[in-house]
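Data block below; observations after.
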Amino acid sequence: MRPLLPALLAVLLATGCQREPAADAGPRPDLHEQNAVFSYALQELQDRGEFAGAVTLVVAPRGAIALEAFGLADIESQRPMRRDSVFWIASMTKPITAMGVLMLVEEGKLGLDDPVSKFVPAFRAQTLTTKSGPARPRRAVTVRDLLTHTSGLTGASPTPAGQPVDTLSLEAMTDFYGRQPLLAEPGARWAYSNAGINTLGRIIEVVSGQPYADFVQRRFLDPLGMDSTSFWPTGELTARQATPYGKDKTTGALVAAGNSRFSSPLSDRRRTALPAGGLFSTAEDLTQLYQMILREGELDGHRYLRPETLKLMTTNQLGDLAKVSFAPGMHMGLGFHLVHAPQGVTESLSPGSFGHGGAFGTQAWIDPVRRRAYVLLVQRTDLPNSDGSEIRRIFQQTAREHFGR
């Protein structure tokens with residue numbers, strides 16, 4: 001007869017159960033009884049008009065251990081920020097797209113080094129812009145190149161000036177991208193590329209046989225219980241949405257700003273779900289996503305990704321390639337930006353931390369050493385570098401000092 005203990009261990013391993021360190025054992029903290037740690041730390045920046053309001057979140061493998069909402073979601077109506085306020089998380093959508101691609105890699109439906117032309121025919125005849133005129137690139141753009149922002153794809157918009165890109169299908173977008181000359185040899189240079197991530201979304205459609213948004217819904221949002229996350233926020237979510245603000249160039253006061261990236265209304269499902277930055281979400285929903293990542297791809301008995309897949313995604317893919325990401329000391333994984341040498345805005349993160357920011361100042365970074373995810377939600381439209389903001393630096397410093405042990 002098979003001994004009981006080895007059999008039990010085999011079952012635990014097969015179901016992906018994770019043993020958490022003692023620091024994460026025990027009941028979850030009462031989030032309603034916490035002191036205003038982050039609102040106090042960020043008070044000076046808020047008073048200076050750097051942001052109207054924020055929701056801050058710290059996640060451990062067992063769930064949220066800190067959640068605060070402070071300031072205003074809308075200045076004109078004096079509507080307060082709430083823990084369930086809805087934010088455009090923008091490029092924080094990109095790692096979700098990347099994880100979707102890696103799910104299909106795990107299933108053997110595509111390979112990281114497959115040429116993009118295998119899935120998008122327009123990529124078959126790509127040329128390269130050189131000083132002496134158009135030329136053939138040394139090799140084809142691959143799926144890995146798209147994930148690491150080293151494809152060399154154009155940054156030109158597939159739509160005329162003033163027309164939001166969400167008016168085109170992913171098929172039409174990627175047809176445009178494939179027909180434009182490359183700006184650099186594939187793999188030679190890091191250049192942040194929305195076009196590359198949108199192309200990954202189209203590859204998901206081709207390989208899975210589903211619309212990109214349906215794939216995300218079925219593979220992530222539904223099983224994770226992310227009921228307030230959508231590409232098309234409707235009335236109830238819109239009522240909770242934080243207004244985006246920029247600074248008046250004359251007075252320095254915060255003024256409401258639109259979002260020219262999207263056509264109206266946001267609830268119109270004819271708008272294309274953008275893999276590079278189309279999601280709206282809440283801190284409570286994001287808790288589920290980052291808890292799953294902290295638990296190495298598993299949550300509540302559902303396995304999303306294998307631990308070795310997440311490890312690959314958060315391993316440097318580009319060696320010592322220069323000028324990677326938006327802060328010094330960074331490397332690039334597969335869809336995730338990696339902290340190699342913490343400094344400046346990343347000084348409070350451990351080496352090996354990984355994450356992604358968004359255009360309006362949202363940030364989410366996972367520290368694998370402390371086993372914490374630090375999530376900052378604000379809506380500031382005109383930060384010079386949303387990844388390099390003082391808001392982010394102070395938030396992460398406070399999170400580490402109070403909740404990183």
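Each reported figure results from applying straightforward, stated rules to the coordinates on display, with no laboratory input. On a predicted model such as this, the values are computed, not experimentally measured, just so you know. Here the Cβ is made from the backbone with ideal geometry for all residues, glycine too, and neighbour counts use every protein chain on show.
Out of Gln78, Asn194, Thr93, whose Cα points farthest toward the positive end of the dipole of the chain (charges: +1 Lys, Arg; -1 Asp, Glu; placed on Cβ)?
Asn194
Of Thr282, Leu254, Gly162, which is farthest towards the positive pole of the chain's charge dipole, taken about the Cα centre with +1 and -1 on the beta-carbons of Lys, Arg and Asp, Glu respectively?
Checking the options against the dipole of the chain, the answer is Gly162.
Per-residue HN-Hα couplings for region 300-310, Karplus 6.51 cos²θ - 1.76 cosθ + 1.60 at θ = phi - 60°, whole Hz, x for Gly and Pro?
6, x, 9, 9, 9, 9, 6, x, 5, 6, 4
Pick from Pro211, Pro80, Pro265: which residue has the top mean-square fluctuation in a GNM of the chain where Cα pairs under 10 Å get a spring?
Top of the fluctuation ranking is Pro265.
What does the charge count around Gly235 come to, taking other residues whose C-beta lies under 14 Å from its C-beta (Lys +1, Arg +1, Asp -1, Glu -1)?
Result for the local shell: 0.
Check cross-link reach from Lys311 to the lysines: straight Cα distance under 30 Å, and skip same-chain residues fewer than eight apart.
Lys94, Lys109, Lys118, Lys323
Where nothing but the Cβ of Lys and Arg (+1) and of Asp and Glu (-1) is charged, how large is the charge dipole of the chain around its Cα centre, in debye to the nearest 20? If you can, show how the numbers build up before the last one.
Values: 42 positive and 40 negative charges, 216 e Å.
Around 1040 debye, computed over the chain.
How high is the relative contact order of region 98-212, in percent, counting Cα pairs under 8 Å that sit 6 or more residues apart? Display every interim value, and only then the final one.
On the way: 181 pairs, mean separation 39.4, N = 115.
Relative contact order for region 98-212 comes out at 34 percent.
To the nearest whole percent, what portion of all C-alpha pairs in the chain is separated by more than 34 angstrom? Walk me through the numbers on the way to the answer.
Details: 23727 of 81810 pairs.
Cα-Cα pairs in the chain separated by more than 34 Å: 29 percent.
What list of ³J(HN,Hα) couplings, whole Hz, do you get for region 111-121 from phi and the Karplus terms 6.51, -1.76, 1.60, once you set θ to phi - 60° and write x for glycine and proline?
x, 4, 9, 5, x, 4, 4, 5, 10, 10, x
With θ taken as phi - 60° and the coefficients 6.51, -1.76 and 1.60, list the Karplus ³J(HN,Hα) couplings across region 122-131 in order, rounded to whole Hz; mark glycine and proline as x.
Whole-Hz 3J(HN,Hα) from phi for region 122-131: 4, 7, 5, 10, 5, 10, 10, 6, 10, 4.
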